[in-house]
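Written below as structure tokens is the structure these notes are about.
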Amino acid sequence: MLARRDIAARRPVWSALSDLYLDADYRRFVRGAARELAASPYSLDELREILMREIHPLLSRNLCVTAGVWDRFDQQWIAERIARAQRRAAWLRPRAWFARRYAQLLWRLLGPRIERARRERQSATRRDNAWDA
């Protein structure tokens, strides 16, 4: 089960990832999502797990309905559904093998962008620190 502090840190991650499951062109959201994920306290492996085990099982069905959510998912609903799934035994949690390739595609796009954003932020921080010294 997730602690309150972890839920607070995950909310911006869930929000950024959920935009990629809207009934809209996902490419509009990749850059912003990568920036938001890069700013999170999670490692790349943890971010991938959040995508694959929390967001994808919950939202993948939106990709298949005729008139899916297209503007924004209710973030409170996402948090409640993920918390409910976390309380279940691991073997009872939704797996969403369906559309798994979509999640893998997203990660192939996001992973390198997150790494690049983090490198850029580190070099900017070093540059700022050099000016302060």
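The values are calculated or read from the model by the stated rules, or taken from the named source; none is laboratory data. Model, not experiment: these values are computed from the prediction. Methodologically, a virtual Cβ is constructed for each residue, glycine included, from the backbone with ideal geometry; neighbour enumeration extends over all protein chains shown.
A compact table of results
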read-out	value
Qualifying positions in segment 60-69 - at pLDDT 80 or above and either in contact with a strand residue (DSSP E or B) (Cβ under 9 Å, 6 or more places away or on another chain) or exposed (fewer than 14 other Cβ atoms within 10 Å of the Cβ) (or both)	64
Test result for residue 127, modelled with pLDDT under 85, among the basic types (Lys, Arg) and in a helix (DSSP H, G or I)	yes
Selection from segment 64-75 of residues that are out of contact with any Lys or Arg (no Cβ under 9 Å at 6 or more places or on another chain) and within 15 Å of residue 54 (Cβ to Cβ)	73
Odd one out for residue 72, checked against (1) at pLDDT below 85; (2) basic (Lys, Arg); (3) not in a helix (DSSP H, G or I)	(1)
